[in-house]
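Report on the structure given below.
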Amino acid sequence: MEEVSINSEFIKLDSFLKWCGAVSLGSEAKMYILDEKVKVNNEIETRRGKKLYKGDAVEFDNKIYKII
């Protein structure tokens, strides 16, 4: 599990995937989210604007990112 710090109250899912380095482009993030390849707190998430808060866990490409 990789811990990723954010500097705000929340971050949107597509922005988070770019922030943590899981993808390089926003369009890439959108594609993976719509293809149901991203989980938030063990649930498949298809909303790229889903707000993530500290304590949430994002699973993508066999890696887990915990927001701190």
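What follows is calculated from the coordinates using simple rules that are stated; it is not laboratory data. What you see is a predicted model; the values in this text were computed from it and never measured. With ideal geometry, Cβ positions are generated from the backbone for all residues, glycine too; neighbour counts draw on all protein chains shown.
How do Asp35, Asp56 line up, fewest other C-beta atoms within 10 Å first?
With the sparsest Cβ surroundings first, the list reads Asp35, Asp56.
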Subject >> Order by protection proxy (mean Cβ within 10 Å, highest first), peptides 13-23, 57-67, 39-49 >> reply: 13-23, 57-67, 39-49
